[in-house]
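K.L.:
To start, I am sharing the structure in question, which I have written as structure tokens.
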Amino acid sequence: MKIYNTLTKKIVEFTPIDPPNVNMYVCGITAYDSCHMGHARAAVAFDMVVRYLKFNGYKVKFAKNYTDIDDKIINRANKEGRNWKELAEFYIKEYAEDMAGLGNLRPDIEPRATDHIPEMIATIQKLFDKGLAYQTKSGIYFSVRKFPSYGKLSGKNIEDLESGARVSVDEEKNDPLDFALWKASKPGEPEWASPWGKGRPGWHIECSAMSSKYLGQPFDIHGGGSDLIFPHHENEIAQAEGACDCQFVKYWLHNGFININAEKMSKSLGNFLTIREIRKRHDFEAVRYFLLSSNYRSAIDYTDAAISEAAVAVDRFYEMAARMPKLEAGSKKQEAGKTPPEKELAEALNAAEKKITDFMDDDLNSSGAFGVVFELVRLTNKYLDTACHPEGAKATEGSPDFTRQISSKWHEIAGIFNAIFGIFGSEPQGYQNRRKNIATSSKGVDTAAVETLIADRATARKAKDFASADAIKKQLTDMGVEFKDKPDGTTEWKVKR
């Protein structure tokens, strides 16, 4: 397995510090608002990393934090007249629900910053004792110039950083580049006791202290969005390595942005879509497909069309899966694996797992892995078309024995894909029901009303009242309902995307 390490700027072989154990930390949210699709991109990308490591037999200890004290939390709470802790807990709970709704595995450890003030103070004290930190009226600051390797993660040069640095009027830093470790208490703000007076921690110190506590130092993987490389992750390295005189993290992984109209999706730009909004409009498997069908390091462009195309792709898989049980009864018995469609499909199915893992071992190339599965979908549909007409027409070629073999192999491949990516693990009917419920809800279509109209249409057709049946058909079409009459007299329907 090879991955791109932001620290070395190279794709390198992944070798855990203590195999088969892998310790991994990902920066979580600052809990002051509903999370958007940019947060979903990071969460789903690193969920995939954890899943693939586990698939390869590693014992993963995965930690992702919550920042529950920060300027943004305090300001939002003051603006709304709410208690800061209550506000943070509200958005932590909402985020956890969003993550479960996206199908993410829950981290093994989910530390909150306010539960780890003693660990942060201990880390700051080490830096203070080593001369890497100093005190002013506004708090404790880290001396960037006293850490010689500062900039090694981001590749930034201290001289270039200095030219763009600014010092706020309420800060008395020795150097514009220095950053806060501890902020002195201000009236009306939450505070904790420390050797330097009452106050609260700076943002960067949280992750250094919490990750080192739970995962040791060094640990294997630290992840987060590309926007965290500088200054957050750069400052984490300076604090952790400055305090402990040893490497902080072996491999740094960063996911790309989600863009809207060529701009990064963010709250500050006001161009974001919340996870909750997206989940109301699209099934979680479609969302995961959209987020994972491009390499985790690349930027992806969000459009309604792009996520709808992802939903159509997921539909294709489940439509193929739904056809499988119809095949065996209509197939003619013959020697399995001898017709051209059978041979082509058998070879592709047998090679699929290795192709998927080869792509994933190449810097988690999910795009390539998705291509393998949808080539299988194409070949399977080709075989099904020759073996048995989907609506039960006379069979041409095919073997019940071979059908059972490909069905079993497909279950295996789908299981692998679900283990790694968290999709294609549903029963076809269950997926269709979820999709239908979301589509009807998002477009204001009353499911019960549709079912009633379809039943009325069936009654009219049976009575040969075709005028009424056609009128109901038009009514359903005007509602955005697509339907297909089946040979057994029932009707399948869905809401048009």
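K.L.:
Kindly list the number of the only condition in (1) under 23 Å from the mean Cα position of the chain (by Cα); (2) at positive phi that fails for Gly216.
P.N.:
Gly216 satisfies all of (1) under 23 Å from the mean Cα position of the chain (by Cα); (2) at positive phi except (1).
K.L.:
Kindly evaluate Ile205 against the criterion of being farther than 24 Å from Lys59 by Cβ, in contact with a Leu (Cβ under 6 Å, 6 or more places away or on another chain) and in the same structural domain as Ala63 (by TED's automatic domain parsing).
P.N.:
In short, yes.
K.L.:
Output the strands (runs of 3 or more DSSP E) that fall wholly within region 1-73 and possess 3 or more residues being touching a helix residue (DSSP H, G or I) at 6+ places or on another chain (Cβ under 8 Å) and surrounded by 21 or more Cβ atoms within 10 Å (Cβ to Cβ), or say none.
P.N.:
21-26, 59-64
K.L.:
Cβ-Cβ distance below 6 Å, separation of 6 or more or different chains: which pairs start in region 448-466 with a residue that is within 16 Å of Lys494 (Cβ to Cβ) and end on one that is basic (Lys, Arg)?
P.N.:
As it stands, the answer is none, since no pair meets every condition given.
K.L.:
Here is a follow-up. With the structure loaded, tell me whether Ala42 is assigned by TED's automatic domain parsing to the domain that holds His222, out of contact with any Gly (no Cβ under 8 Å at 6 or more places or on another chain), touching a residue at least 12 places away in the same chain (Cβ under 8 Å) and of a type in the set (Gly, Ala, Ser) or whether it fails that test.
P.N.:
So Ala42 fails the test.
K.L.:
Still on this structure, I have one more. Please determine, by comparing only the residues of region 437-460 that are at pLDDT below 85 and among the charged types (D, E, K, R), which one is nearest to Ile278 (Cα to Cα).
P.N.:
Within region 437-460, the match that is nearest to Ile278 (Cα to Cα) is Lys443.
K.L.:
Are there any pairs with C-beta distances below 6 angstrom linking a residue in region 475-491 that is closer than 16 Å to Asp456 by Cα and assigned to a helix (DSSP H, G or I) to a residue that is among the aliphatic types (A, V, I, L, M) and at pLDDT 75 or above, with the two at least 6 apart or on different chains, and if so which?
P.N.:
Pairs found: Leu476/Leu453.
K.L.:
Applying the selection to region 108-155, what residues are farther than 18 Å from Asp245 by Cβ, within 34 Å of the chain's Cα centre (by Cα) and of a type in the set (Ser, Thr, Tyr)?
P.N.:
Across region 108-155, the qualifying residues are Thr114, Ser154.
K.L.:
Filter region 331-374 down to residues that are at positive phi and at pLDDT 95 or above, then give me how many there are.
P.N.:
2
K.L.:
If Lys280 satisfies every condition in (1) of a type in the set (Lys, Arg); (2) surrounded by fewer than 22 Cβ atoms within 10 Å (Cβ to Cβ); (3) under 20 Å from Asp363 (Cβ atoms) but one, which is the exception?
P.N.:
(3)
K.L.:
Moving to a separate point now. Take Ala238 and decide whether it is modelled with pLDDT of 95 or more, over 20 Å from Pro148 (Cβ atoms), more than 22 Å from the chain's Cα centre (by Cα) and assigned to a helix (DSSP H, G or I).
P.N.:
It is false that Ala238 is modelled with pLDDT of 95 or more, over 20 Å from Pro148 (Cβ atoms), more than 22 Å from the chain's Cα centre (by Cα) and assigned to a helix (DSSP H, G or I).
K.L.:
Could you pull out the residue among Ala88, Ala96 that is touching a helix residue (DSSP H, G or I) at 6+ places or on another chain (Cβ under 8 Å) and among the aliphatic types (A, V, I, L, M)?
P.N.:
On inspection, the qualifying residue turns out to be Ala88.
K.L.:
If I ask for residues that are aliphatic (A, V, I, L, M) and touching a residue at least 40 places away in the same chain (Cβ under 8 Å), which ones from region 78-105 would you list?
P.N.:
Leu87, Ala88, Ile92, Met99, Leu102, Leu105
K.L.:
Specify which of the listed residues (Lys152, Lys126) is part of a loop (DSSP other than H, G, I, E, B), at pLDDT 95 or above and assigned by TED's automatic domain parsing to the domain that holds Ile29.
P.N.:
Exactly one of Lys152, Lys126 is part of a loop (DSSP other than H, G, I, E, B), at pLDDT 95 or above and assigned by TED's automatic domain parsing to the domain that holds Ile29, namely Lys152.
The values are calculated or read from the model by the stated rules, or taken from the named source; none is laboratory data. These figures come from a predicted structure and were not determined experimentally. Heads up, the Cβs are rebuilt from the backbone with ideal geometry, glycines too, and the neighbour counts pull from every protein chain shown.
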